[in-house]
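Right, one structure below, let's go through it.
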């Protein structure tokens, strides 16, 4: 069990967490970079196969560049022990950018042909079903659990906040959260 974050704090829930290193790549597009500026180029998500998603953002300052990354698949999640990861030291290599460049070639050729500027790395903390934990702690009714949001929690922030407030204040919520039960992995 890694000694970091949700896996360490919520060990008694017996969640078989997986912690993956993921890379976000930054590109200087070939030709006119103005067409990749905020307001002209959208934030995007592209499900290109079942369960396989790429995403990106327009030109970012800092770090400088158009962001493109894989949420799932292709780049291959690199299971790791987060205690041993220094995200700031050599977060990614040019070789690790090849799958992203290949993916971009057929979809956004100006990025694929452009200069790769580097990467930033992050860690995804995932449950086996990749759904988060959300609900009352099975052994401590006065504790509300919310964890495992890596890579997609931001999309659900308004409703998660409402659910957490409901649970903390009323002990129940009108939202169907059974599939996120914090104790669902115990004994598996």
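The values are calculated or read from the model by the stated rules, or taken from the named source; none is laboratory data. Since the model is a prediction, treat every value here as computed from it, not as a measurement. FYI the Cβ positions are ideal-geometry reconstructions off the backbone, even for glycines, and counts take in every protein chain you see.
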Residue 63: surrounded by 12 or more Cβ atoms within 10 Å (Cβ to Cβ), modelled with pLDDT of 95 or more and either assigned to a strand (DSSP E or B) or in contact with a strand residue (DSSP E or B) (Cβ under 9 Å, 6 or more places away or on another chain) (or both), yes or no?
no
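How many residues does the stretch 16-39 hold that are touching a strand residue (DSSP E or B) at 6+ places or on another chain (Cβ under 7 Å) and part of a loop (DSSP other than H, G, I, E, B)? Give the steps one after another, and end with the answer.
Step one: of the stretch 16-39, the residues touching a strand residue (DSSP E or B) at 6+ places or on another chain (Cβ under 7 Å) are 17-29, 33, 36-38.
Next, only the ones that are part of a loop (DSSP other than H, G, I, E, B) stay: 17, 29, 37-38.
Here the count works out to 4.
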Can you work out which of the residues in the stretch 118-142 that are assigned to a loop (DSSP other than H, G, I, E, B) and under 20 Å from residue 159 (Cβ atoms) is farthest from the chain's Cα centre (by Cα)?
129
Please go through the stretch 170-188 and give me each residue that is loosely packed, with under 10 Cβ neighbours inside 10 Å and in a helix (DSSP H, G or I), ordered by number.
170, 178
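Restricting the stretch 113-126 to residues that are in contact with a helix residue (DSSP H, G or I) (Cβ under 9 Å, 6 or more places away or on another chain) and surrounded by 15 or more Cβ atoms within 10 Å (Cβ to Cβ), which is farthest from residue 32 (Cα to Cα)? Steps first, please.
In the first step, residues of the stretch 113-126 are kept if they are in contact with a helix residue (DSSP H, G or I) (Cβ under 9 Å, 6 or more places away or on another chain); the result is 113-114, 116, 118-119, 123, 125.
Imposing the further condition that a residue be surrounded by 15 or more Cβ atoms within 10 Å (Cβ to Cβ) reduces the set to 114, 116, 118-119, 123, 125.
On the way: 114: 11, 116: 16, 118: 20, 119: 22, 123: 33, 125: 37 Å.
Result: 125.
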Condition met for residue 147 (touching a strand residue (DSSP E or B) at 6+ places or on another chain (Cβ under 7 Å), surrounded by fewer than 14 Cβ atoms within 10 Å (Cβ to Cβ) and within 28 Å of residue 49 (Cα to Cα))
no
Any residue in the stretch 100-112 that is outside any loop (DSSP other than H, G, I, E, B), within 19 Å of the chain's Cα centre (by Cα) and either exposed (fewer than 13 other Cβ atoms within 10 Å of the Cβ) or at pLDDT below 90 (or both)?
no
Across the stretch 4-15, which residue is nearest to residue 98 (Cα to Cα) among those that are more than 20 Å from the chain's Cα centre (by Cα) and either in contact (Cβ under 8 Å) with a residue 12 or more places away in the chain or assigned to a loop (DSSP other than H, G, I, E, B) (or both)?
14
First in the stretch 109-130 and over 30 Å from residue 180 (Cβ atoms) and in the same structural domain as residue 66 (by TED's automatic domain parsing), second anywhere and modelled with pLDDT of 85 or more and surrounded by fewer than 17 Cβ atoms within 10 Å (Cβ to Cβ), Cβ under 6 Å, 6 or more apart
110/30; 110/31; 112/105; 113/30; 114/28; 114/30; 115/28; 117/28
